[in-house]
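Structure record follows, encoded as structure tokens.
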Amino acid sequence: MAGVLTTTLYWQFRTGHQQAMHDRLLDLLSLTVPLIDSDYHSLTLTPKDMDKPHYTINQKKIQTVQATTKGVVRIYTLRPQGNGQFNIVLNYASNSKQSVSVGESLKELTPILLKEGATLSQPKVEDDLFENRDGKPVLFGYAPIKDQFGRLEGILAIKLDASLIVQTKNLGSVIALGIFLIILALTIIIVRWLAQWLIVNRTLRLNEAAKKIANG
């Protein structure tokens with residue numbers, strides 16, 4: 001009983017926080033993708049376009065989102081290629097020391113990109129966490145960038161810091177273990193008291209009565 005209770009509490013504690021971050025990233029994707037002008041995005045094809053006004057306009061928009069939203073590790077856009085690869089168009093990561101040019105192939109291909117990258121129709125977030133190059137847990141989310149005719153022009157990608165989820169999981173484990181030990185200790189005390197009162201004491205009284213009967 002103690003095991004079932006603590007396992008249930010731990011699982012609710014863990015999944016509840018992860019679901020909250022999942023929903024937060026979905027909302028962020030839905031709010032950010034309309035800011036990107038799909039017409040300008042389609043004009044960004046080579047590194048030479050990085051100096052053009054339309055690139056700067058879109059780039060500043062994703063920088064603003066990253067700067068005003070806590071936990072965003074990286075925000076970037078992709079252009080699907082026919083060979084199953086994705087080229088980077090816009091890119092911003094505040095702590096990144098490496099510059100990324102237009103047209104570079106994306107190396108972090110997560111399940112959503114591999115399965116639905118070329119046909120993505122609505123914002124989606126990965127179910128599992130991944131580790132970035134620094135070994136920190138991150139959560140990926142994607143949203144389609146569509147033109148005025150509803151055609152897929154690109155993909156908005158946001159990488160969210162998921163360290164808080166891992167910390168919450170560890171905290172949940174400690175709390176669940178503590179509750180389990182407390183319940184286990186109370187259970188032992190109650191069982192011992194019941195055994196003493198229901199079995200041991202009655203057996204002793206029965207034994208004493210039997211001796212008296214034997215002595216007449």
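The values are calculated or read from the model by the stated rules, or taken from the named source; none is laboratory data. No experiment lies behind these values; they were computed from the predicted model shown. Neighbour counts run over all protein chains shown; Cβ positions are idealised from the backbone, glycine included. For the accessible areas, the whole protein counts, side chains as well, though only heavy atoms, and no ligand, DNA or RNA atoms are used. Shrake-Rupley method; radii C 1.70, N 1.55, O 1.52, S 1.80 Å.
In this calculation the C-beta distance from Glu208 to Asp128 is compared with R0 = 45 Å, giving a FRET efficiency of 0.10. Among Phe149, Phe130, the sequence by solvent-accessible area, most first, with a 1.4 Å probe is Phe149, Phe130. The solvent-accessible area of Leu194, taken with every protein chain present and a 1.4 Å probe, is close to 70 Å². For the pair segment 42-67 / segment 114-141, the C-alpha centres are spaced 22 Å from each other. Computed from the C-beta positions of Ser101 and Asp37 and an R0 of 22 Å, the FRET efficiency is 0.60 to the nearest 0.05. Among the trypsin sites (Lys or Arg not before Pro) in segment 39-101, those placed in a DSSP loop whose Cβ has at most 12 other Cβ atoms within 10 Å are Lys70, Lys97. Partners of Lys136 within straight-line reach, counting aspartates and glutamates whose Cα lies under 17 Å from its Cα and excluding those fewer than 8 residues away in the same chain: Glu108, Glu126, Asp127, Asp128, Asp161. Taking Lys and Arg as +1 and Asp and Glu as -1, the other residues whose beta-carbon sits under 11 Å from that of Ile75 total +3. Measuring between alpha carbons in the structure, the pairs from Lys124/Lys159; Lys70/Lys159; Lys70/Lys115 lying more than 18 angstrom apart are Lys70/Lys115.
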